[in-house]
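Laboratory data are not the source of any read-out in this text; all were calculated from the coordinates shown. Keep in mind it's a predicted model, so treat the numbers as computed, not measured.
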Amino acid sequence: MLTVKSAHKGRDLLWLLAGWLAIPELALAQTSPFLTGATSLQTNILAWLTPVAIILVMVAGGLAMAGRASWGWFIGLVIGIPIAFGAPQIVTWVRGMFGT
């Protein structure tokens, strides 16, 4: 038969466990693995994209000097580089527009 003392001990243990699980740091909870993976992917893409963008600007300048430049290249560079490097800000802006 349960005594009053053992019943309080079980209840206290239950409250301690509930409090422990309510605090993410104590429960060893982490952020979303998808968010961590997406952030890592974004960092890696920007690391690769930086030298590629620099080389493309140099190639476009060389084509312009040689008189062989197409306006499509320049329009693509002017639009593509800000989109590629401003993607996190663009996503934040769009999410803010829809309230998420």
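P(r) for the range 31-100: what percent of alpha-carbon pairs falls in each 10 Å bin, starting at zero? Per 10 Å bin, starting at 0, the Cα pair percentages come out as 17, 35, 27, 15, 5, 0. The stretch between Leu46 and Ala64, if pulled fully straight at 0.36 nm per residue, gains 3.8 nm over its current Cα-Cα span.
Once the chain from Phe34 to Ala53 is taken as fully extended at 0.36 nm per residue, the excess over their C-alpha distance is 4.1 nm.
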